[in-house]
1. Could you calculate the FRET efficiency of Arg396 with Ala302 from 1/(1 + (r/R0)^6), where r is the beta carbon distance between them and R0 is 22 Å, rounded to 0.05?
2. Return one whole number: the accessible area per residue of the range 1-101 in Å², for a 1.4 Å probe.
3. In whole percent, how big is the carbon plus sulfur part of the accessible area of the range 7-90, probe 1.4 Å, protein atoms only?
4. Kindly state, to the nearest 0.05, the FRET efficiency for Arg25 paired with Glu267, given R0 = 22 Å and r defined as their beta-carbon distance.
5. Report the calculated FRET efficiency for Ser53 and Leu186 (r = Cβ-Cβ distance, R0 = 51 Å), to the nearest 0.05.
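The values are calculated or read from the model by the stated rules, or taken from the named source; none is laboratory data. Being a predicted model, the structure only gives us computed values, none of them experimental. We place every Cβ from the backbone using ideal geometry, glycine too, and count neighbours over all the protein chains shown. Note: areas computed on protein heavy atoms with side chains; ligands, DNA, RNA excluded. Shrake-Rupley method; radii C 1.70, N 1.55, O 1.52, S 1.80 Å.
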Amino acid sequence: MRNGAVGQLAAVPVMIPGAEEIVVRWGDGHRSRYRLRWLRDCCPCEHCRGDGSGRRRADLRAVPCDPRPESAAVVGPTLLLRWEDGHHTSRFDLDWLQDHCCCPAHLDDRRRGGDRQAVPSGTTRGDRPASTGGSAAGPAVTSWPAPMAWSAVAGDDRALADWLATVGTDGWAHLTGVPDGDTGLLAVVARFGYVRETNDGRIFDVPADVGPAGPLHTANPYRRRAPSLQLLHRVAPPAEGGGNGNSETILVDGFRAADVLRAERPEAFAQLATWPVRWRYADDAVDLVAEAPVVELGAGGAVVSIRFDERSRVPLQLDPDVVDLHLLALRRFAIILDRPQLQVRPALDAGDVVLLDGRRMLHGWAAEEPAGAASLRGCYVDRDGLDSRLAVLRRRAGDTEPTRSGSTPAGSTPAGSTPAGSTPAGSTPAGPRRPRPRGRGPKVAIGR
Ligand SMILES: [Zn+2]
Ligand SMILES: [Zn+2]
């Protein structure tokens, strides 16, 4: 596939004024097209780290939609691009560029070579995902699961069932008063399932790895089976200053965000539901890679899984005629996740645990944790255990309600209707900074 050093020596970049790509003509006559937007996305500099060699730092939302180089030149084994918008120079190894040629023949070669861990996209390439009737942006998230006390959930099966059920309806559940240390978190897990051990261990410190973008992300998209449940346990008091301090947790329902994208930008939604993205996490001990689309659709076109973590996205290997649209779709999704009306910021005190649907909820932090503070601990659990436990609890309670997660519980409002007390679609109230947990009183659907 690689043309080799001889080819590189004669590599000539051709920049046609006004064109949105650079064509490199290699020594053997092969021509490779590189879209400018893609090159900017893959900038390997320390600031961006977009070449897949380390954890990405570039912020999709901050990169211009229409990046233009002032100059392009091959110097030795490197293509140098100096960008017009004041960004530093991007330096691409010619070897790397050759390996990332996305002409049909080279894409085919790589696919035949057996990309590791490809995950079916759930749609056939070129298919247009079915519409579910357009949920539109919907009302803001105005209520969410009320925190429940561990003392109740620990000993009362009905309380446990109530607590677990919110994972299906809201994507997450909130618990207070869980004892410090591993035993507290393990006791919570033991109520409904089993820890899924990974290279991070059974229980791990959550790094204050927010980066410049404070990126919202789903759990471990770089695993072929992304964790289906994640627990986060706050084990230290909030930072000085009271309240949530500077380590406020942010949650976004990815299903809801995807539905907003589908309603506002159907073409962008189709991009994210059709083409796979490659996700990677590598350190000294592991090199985890999975390839799957951001949005996975199930029967009838419903969103059934979200994978998104800008930090672990590696260069897109898509036809140059598609890649621009895909990058814009990713950017649009990241911008939607930023909307305050989609975000929930639960106040987490010491002893609080949140249980997240790992393939639905995105989480992040408003700012970095104080240096050295291991104030969040986490673990992964398989969803099967939760669904099974909930089904058995309901069977024992004589509850005939369907037990599939995501079913509409009594008291909630079917998606598409406008529940009393919710914000009308189209309005954009300021996002809630403090939670308004759903306790007693009418439940309010959150627009799915
Ligand atoms: Zn850069
Ligand atoms: Zn090629």
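1. Numbers: r = 30 Å, r/R0 = 1.35.
Rounded to the nearest 0.05, the efficiency is 0.15.
2. Details: 4840 Å² over 101 residues.
It amounts to 48 Å² per residue over the range 1-101.
3. On the way: 2060 of 3940 Å².
Here it works out to 52 percent.
4. Working: r = 32 Å, r/R0 = 1.47.
The formula returns an efficiency of 0.10 here.
5. Values: r = 36 Å, r/R0 = 0.71.
The calculated FRET efficiency here is 0.90.
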